[in-house]
Amino acid sequence: MKMAPFLNGKKHEVKTMKNIITIDTGTTNTRVVLWQHGDVTAMAKQPVGVRDTAITGSKTKLKQAIKLCIDSVLAEQQITSTENIIAVASGMITSNLGLVEIPHLTAPVGLSDLADGMQSVTIPDVFDQPIWFIPGVKNNDRDISPETIPNMDVVRGEEVEAIGAIKALGIDGPALIILPGSHTKMMKINEHGEIVGSITSMTGELLDLLTKESILADSVESQFVDQLDRNSLVLGARTAKENGLGRTAFIVRLLGMYSDFTRNQRANYLLGAVLENDIHALVNTKAFSLEADEPIVILGKPGLRDALKILIQADDNLTENVITKEIANLAGRGAIEIAEQRQIFELTGGK
C-alpha cells in the first residue's frame, strides 16, 4: 500500500496522470517533451539555455523559450486544459542562472534522495501549473582546498540521466556511467544505485576549439572525424599520454605536412589526443574508486561514445567490460522515475 506523500508538512494527494511534461535545460539548449500514458507524443527544442541568462543578466529569454516549448507540445496534441498536466524539470534550470535555484545534494545520492529533494514552484509567466524541479548532485568533499579541489565535482541534469539509465538497463551493481559531450560526465554508481561521485571534463569544448578555432583548423579542415579509425585514434591517445596534449595537438599539423595521413586520420589522431585526457582523469581520480572488473556504461550517440570505448578497452588500467547504448529521451525517463518515487503521480500506461 502506498502512503500519501507530504509536501511542506501537508498531506499531498497522489495524482494519476496521463499527461506529463519534462523540461531539460542545459547551458545552451532547452528541450521539452510531452508524455501521454508513458509514451512520447510531442517534443520541442529552443537554442536557449542558462548561458543566455549569464550574458543578458535576465531570465526573460529563458522563460520565454520554455513557455514557447510547452505551448508547442500542448498545441501539437491539441491540449487546451493544463489542469491534469504535471511538469518536471531538471538540468541547469535549477542553478542560479536557471528559473529556480536548488542547492546540490551531497553524494551519495540515490533515487529516493532526488525525489525527496524535489521542489514545486509555480511560475505563471512560464506555465500555469506547478513545476517540479529536481536538484543536482555534488561530490562529498568536506575539506576543499586548492590542493584537493580535483576531488570536487558537480552535476545538474546528468544525475537524472543516470537514474534513467539504471532503470532502463537494469544496472544493479557497482558501475561507471559516462555521458560524453561538451562537458563529459563520469559518475560512479554503487551497489545501492546511488551516485557516489563524479568527475567532469571539458572534452567536447576542447575538441571544438582545437578543430575550428586553432591553427589545426587547416589540418583537419575544421571538421570532426567522418568515421572512426582505430589505429589513428589509439596512436593519438598514446602520443598524448607520452607527450602531453599541447605537443600532440601540434603534431596533427606535422602529420599534414610530413605524412600520408588523410584528413580523417588526422581528425582521429586529434580526437584520441583529447580523449586521453579523460582516460588519464579516470585512471587517476580520487573522487571515487573504480575496481578493475566494474562495468563501464557509455551513453549517447556514436562518435565520442564509441571512441571512448576503444580507448578504455585499450588501456591496461581499465576494464574491457564496456557497454555502449543510446537511450532516447533519457533525461525525461529519469525525471519521470524520480517523480514517481515522490508519488506526484502514477502512470496509467507503460513507459
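The values are calculated or read from the model by the stated rules, or taken from the named source; none is laboratory data. This one's a predicted model, so the numbers in the text were calculated from it and none came from an experiment. Here Cβ is always computed from backbone atoms with ideal geometry, including for glycine, and neighbour counts include all displayed protein chains. Just the protein is used for accessible areas: all its heavy atoms, side chains included, with ligands, DNA and RNA removed. Shrake-Rupley method; radii C 1.70, N 1.55, O 1.52, S 1.80 Å.
With respect to Lys138, determine if the residue is outside the structural domain of Ala65 (by the TED database) and of a type in the set (Lys, Arg). No: the conditions fail for Lys138. In this structure, Val154 does not qualify as under 29 Å from Glu291 (Cα atoms), under 20 Å from the mean Cα position of the chain (by Cα), of a type outside the set (S, T, N, Q) and open to solvent by less than 40 Å² (accessible area, probe 1.4 Å). Considering region 214-238, and only residues there that are more than 19 Å from Leu304 (Cβ to Cβ) and touching a helix residue (DSSP H, G or I) at 6+ places or on another chain (Cβ under 6 Å), the residue that is surrounded by the most Cβ atoms within 10 Å (Cβ to Cβ) turns out to be Ser219. Put simply, of Ala87, Ala75, Ala115, Ala107 the only residue that is among the aliphatic types (A, V, I, L, M) and without any contact (Cβ under 8 Å) to a residue 24 or more places away in the chain is Ala75.
Suppose the filter is closer than 27 Å to Asn29 by Cα and open to solvent by 40 Å² or more (accessible area, probe 1.4 Å); does Leu210 pass it? Walk me through how you get there before you give the answer.
Working: closer than 27 Å to Asn29 by Cα: yes; open to solvent by 40 Å² or more (accessible area, probe 1.4 Å): no.
So Leu210 does not fit the description; no.
A residue that is in contact with a His (Cβ under 7 Å, 6 or more places away or on another chain), surrounded by fewer than 22 Cβ atoms within 10 Å (Cβ to Cβ) and not polar (S, T, N, Q) can be found somewhere in region 137-146. Exactly one residue out of Thr348, Thr324, Thr319 is at pLDDT 95 or above and farther than 21 Å from Val109 by Cβ, and it is Thr324. Taking region 1-119 as the region of interest, the helices (runs of 4 or more DSSP H) fully inside it that hold 1 or more residues being of a type in the set (S, T, N, Q), modelled with pLDDT of 95 or more and farther than 20 Å from Glu158 by Cα are 60-76.
Let's see how each residue does on (1) surrounded by fewer than 22 Cβ atoms within 10 Å (Cβ to Cβ); (2) under 30 Å from Ile195 (Cα atoms); (3) in contact with a strand residue (DSSP E or B) (Cβ under 9 Å, 6 or more places away or on another chain):
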| site | (1), (2), (3) |
| --- | --- |
| Ala44 | yes, yes, yes |
| Ser72 | yes, no, yes |
| Ala75 | yes, no, yes |
| Glu83 | yes, no, no |
| Ile102 | yes, yes, yes |
| Leu114 | no, yes, yes |
| Val121 | yes, yes, yes |
| Asp128 | yes, no, no |
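Please find, among Leu62, Leu34, the residue that is over 25 Å from Glu337 (Cα atoms), open to solvent by less than 10 Å² (accessible area, probe 1.4 Å) and either in contact (Cβ under 8 Å) with a residue 24 or more places away in the chain or not polar (S, T, N, Q) (or both). Write out each step before concluding.
Details: Leu34 fails: over 25 Å from Glu337 (Cα atoms).
Of the residues listed, the single one that is over 25 Å from Glu337 (Cα atoms), open to solvent by less than 10 Å² (accessible area, probe 1.4 Å) and either in contact (Cβ under 8 Å) with a residue 24 or more places away in the chain or not polar (S, T, N, Q) (or both) is Leu62.
Do we find that Ala42 is in contact with a helix residue (DSSP H, G or I) (Cβ under 7 Å, 6 or more places away or on another chain), of a type outside the set (Phe, Trp, Tyr) and in the same structural domain as Gln343 (by the TED database) in this structure?
Working: in contact with a helix residue (DSSP H, G or I) (Cβ under 7 Å, 6 or more places away or on another chain): yes; of a type outside the set (Phe, Trp, Tyr): yes; in the same structural domain as Gln343 (by the TED database): yes.
For Ala42, the condition - in contact with a helix residue (DSSP H, G or I) (Cβ under 7 Å, 6 or more places away or on another chain), of a type outside the set (Phe, Trp, Tyr) and in the same structural domain as Gln343 (by the TED database) - is met.
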